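The values are calculated or read from the model by the stated rules, or taken from the named source; none is laboratory data. If you're wondering where the values come from, they're calculated on a predicted model, not measured in any experiment. FYI the Cβ positions are ideal-geometry reconstructions off the backbone, even for glycines, and counts take in every protein chain you see. Each accessible area value is taken on the protein alone, full model and side chains, heavy atoms only, with ligands, DNA and RNA left out. Shrake-Rupley method; radii C 1.70, N 1.55, O 1.52, S 1.80 Å.
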Amino acid sequence: TQDNLDINNAKQIMDQTHYGMDTVKNLILDYLAVMQLNKKNAPEQTQSRAPIMLFVGLQGVGKTSIARSIATAMGRKFVRISLGALGSVQALRGQSKAFLDAEPGQVIKALVRTETMNPVILLDEIDKVSGNSGLLNDVMAALLDILDPEQNTQFMDHYVDHPVDLSRVFFICTANNLGSLSAALLDRMEIIRFTSYTDEEK
């Protein structure tokens, strides 16, 4: 899909769907403005690379819904992948076709469902992956492959068994806190903190 990076349009859509939250909205508009400048400086690129955003805050403060508003503003398809209590890293990486019940991972399924190579993919609750330390480390490594701009141009899903370019996907992650996330993963993200609504705003 073709990107719409109009700042006024994005502000209008976010204002329609979310009251207040000016600090968060302004940060998002800053990132869209940078994408717009990058596209002007390199017009041969049909897509401008989006930052990897991590929305951090309590439940119910608008992290998921504002991600949907960003997708609407940019004219991109939107899909949500819930990582809460993820039981196996195969849910992200897929399973080899050697197994009878094999299927692609959630990221490839998201591309299939949206029928585009540049959707907005929300990786929801990345801090609520299983408490099993071995699985947590595996999932953090898989997320690094998916999110890292230096690696995700050659993402290998075990079912597809062919490099898939994820560099045009706009990834947004959400978390309630950062305690369980690896430092290597956090280094690659733009962290945006959401505060609770005041009684007056409610």
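The gain in end-to-end length when the Thr198 to Met156 segment is fully stretched comes to 10.7 nm, 0.36 nm per residue minus the alpha carbon separation. For the range 99-202, a simple Cβ point-charge model (Lys and Arg +1, Asp and Glu -1, everything else neutral) yields a dipole of about 60 debye relative to the Cα centre. Pairs of Cα atoms nearer than 8 Å and 6+ residues apart set the relative contact order; for the chain it is 30 percent. A straight chain from Lys11 to Asn137 at 0.36 nm per residue would run longer than the Cα-Cα distance by 41.6 nm. Per residue, the chain exposes 51 Å² of solvent-accessible protein surface, assessed with a 1.4 angstrom probe and all protein chains in place. The distance between label points at Leu27 and Ser167 comes to 2.7 nm (points 7 Å beyond Cα on the Cα→Cβ vector). Based only on the alpha carbon positions, what is the Kirkwood hydrodynamic radius of the range 7-152, in angstrom? Taking the inverse mean of 1/r over all distinct Cα pairs, the range 7-152 comes out at 17.0 Å.
Compared with the rule-of-thumb size 2.2 N^0.38 Å for a compact globular protein, the range 91-202 has a Cα radius of gyration ratio of 1.19.
Under a model in which nothing but the beta-carbon of Lys, Arg (+1) and Asp, Glu (-1) is charged, the chain shows a dipole of about 320 debye around its Cα centre. Ranked by the mean number of other Cβ atoms within 10 Å of their residues, highest first, the peptides 151-158, 192-199 come out as 151-158, 192-199.
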